[in-house]
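Asker: The following block contains the structure, expressed as structure tokens.
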Amino acid sequence: MLRFDHDGVVFYRFKALAGESGLDHALYTRLGGVSRPPFATLNTGHTVGDDLTAVKVNHERALAALGWQEADVVTAHLVHSARVETVRPADRGHVLTETDALLTAAPGVVLMLRFADCIPVLFYDRRQRVVGLAHAGWRGIVAEVLPATVARMAEAFGCRPADLWAGVGPAIGPCCYEVGPEVVSQISSVLNGRAPFRRQDGRVYLDLWASAQRQLAAAGVGQVDVAQMCTACRNDEWFSYRAEGGKTGRFGVVIGLR
């Protein structure tokens, strides 16, 4: 991934999309905002207990770094589901309810979701000019939100899975994500016994990155890039719900067509 700093707002881009004409995306870090601890500093989450005035300033700073405005954004209330919504220009400025993936082919629309250990997965179809953004924690993997996103892209826009690029962004890594028997059972079931677990000293750790990659490959996605950046190890740059004891902010991820 490529790291950028725009007037103190730090964000990353996938190399595969960095030079793509008419497309913009960013995976913002926690750096460059005005929020105070434990939400320091570029918190984009409205429901975590942060001062909403600071959150508004953070949004303005983050979007200005890419030349977008809040009025361009469509976001969602995340519920760890497999619900995928297609976004139109009329949806700009709205928050969609109980949705974990957004798709659009409309220029001028910015898709935005927020994270703090769950995986941001970005989608792009160069042939059909369609972008997508999904939120997947372990519950999202079990709900199969990623295959649902691929299927909806095919249904709504005629996308062929083989033409799709997907980017698995920063999330809690297999080094840090200890899980219990419930997660082991459900992930093992949905991945047909091929779940990527690591066992050490009587503890079990889940590889969310590999789980997402396997589901995307099984759905036929042509190219999958994995950031391999652990939010818990690097909570100097990323918000991490697990590393910070549940009291922290959310980093924003955006993608849109110009």
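Asker: Per residue and in Å³, how big is the convex hull formed by the alpha-carbon atoms of region 117-178?
Answerer: 79 Å³
Asker: Next question, about the same structure. Could you size up the charge dipole of region 91-222 around its Cα centre, putting +1 on the beta carbon of Lys and Arg and -1 on that of Asp and Glu, and report it in debye to the nearest 20?
Answerer: On the way: 13 positive and 12 negative charges, 70 e Å.
About 340 debye.
Asker: Report the dimensions of region 1-54 along its three principal axes from the alpha-carbon atoms, largest first, rounded to Å.
Answerer: For region 1-54, the Cα spread along each principal axis is 37, 19, 16 Å.
Asker: Next question. Which one, GLY249, ASN58, ALA171, is farthest towards the positive end of the dipole of the chain when Lys and Arg carry +1 and Asp and Glu -1 on their Cβ?
Answerer: ALA171
Asker: Let me ask something else about it. Testing the spin-label approximation: label points 7 Å from Cα along Cα→Cβ at GLN128 and ARG203. State their distance in nm.
Answerer: Placing both labels 7 Å beyond Cα along the Cβ direction yields 4.2 nm.
Asker: Can you give me the distance in nm between label points at ARG234 and ARG194, each placed 7 Å from the Cα along the Cα-to-Cβ direction?
Answerer: Output for this residue pair reads 2.8 nm.
Asker: What are the residues whose amide H is under 5 Å from the amide H of TRP238, where those residues sit 5 or more places off or on another chain and H is modelled from the backbone?
Answerer: ARG30
Asker: Using only the alpha carbons of the chain, determine the length spanned along each of the three principal axes and report them from longest to shortest in whole angstroms.
Answerer: 47, 45, 32
Asker: To continue, here is another question. Once you list every other residue whose beta carbon is under 11 Å from the beta carbon of GLY252, what net charge do they have if Lys and Arg are +1 and Asp and Glu are -1?
Answerer: +4
Asker: Running a GNM on the chain with Cα contacts under 10 Å, which residue among ALA101, ALA210, ALA116 ends up with the highest mean-square fluctuation?
Answerer: Maximum among the listed residues: ALA210.
Asker: Region 1-131: percent of C-alpha pairs farther apart than 23 Å? Don't jump to the answer; show the numbers that get you there.
Answerer: Working: 2716 of 8515 pairs.
More than 23 Å apart: 32 percent of the Cα pairs in region 1-131.
Asker: What's log10 of I(q)/I(0) for region 136-224 at q = 0.17, 0.20, 0.21 Å⁻¹, Debye sum over Cα points only, no solvent?
Answerer: Taken in order of the listed q values, log10 I(q)/I(0) reads -0.70, -0.90, -0.97.
Asker: Per DSSP H run of at least 4 residues, take -39500 (n - 2.57); add these up for the chain, divide by its residues and hand me the 222 nm value, nearest 500 deg cm²/dmol.
Answerer: So the helix-based figure for the chain works out to -6500 deg cm²/dmol.
Asker: Per Stokes-Einstein, at 10 °C and 1.306 mPa s, what whole-number D in µm² s⁻¹ belongs to region 216-258, with the Kirkwood radius over Cα pairs as the hydrodynamic radius?
Answerer: 123 µm²/s
Asker: Report the extension gain between SER21 and VAL79 in nm, rounded to one decimal, defined as 0.36 nm multiplied by the number of residues separating them, less their alpha carbon distance.
Answerer: In short, 17.6 nm is gained.
Asker: Next question, about the same structure. Distance between the C-alpha centers of region 179-258 and region 43-112? Whole Å please.
Answerer: 22 Å
Asker: Over the chain, what is the mean sequence separation of C-alpha contacts under 8 Å (at least six apart), divided by residue count, expressed as relative contact order in percent?
Answerer: It rounds to 23 percent for the chain.
Asker: Calculate the spin-label point distance for GLU70 paired with GLU182, positioning each point 7 Å from the Cα along the beta-carbon direction, and give it in nanometres.
Answerer: For the pair GLU182/GLU70, the computed spacing is 3.6 nm.
Asker: Additional query: Compute the label zone of ARG3 within region 205-227: residues whose backbone N is under 13 Å from the point 7 Å along Cα-to-Cβ.
Answerer: None, by backbone N distance to the label point.
Read-outs throughout are calculated quantities, based only on the coordinates presented, and are distinct from any laboratory measurement. Treat the numbers as computed from the prediction; the structure is a model and nothing was measured. With ideal geometry, Cβ positions are generated from the backbone for all residues, glycine too; neighbour counts draw on all protein chains shown.
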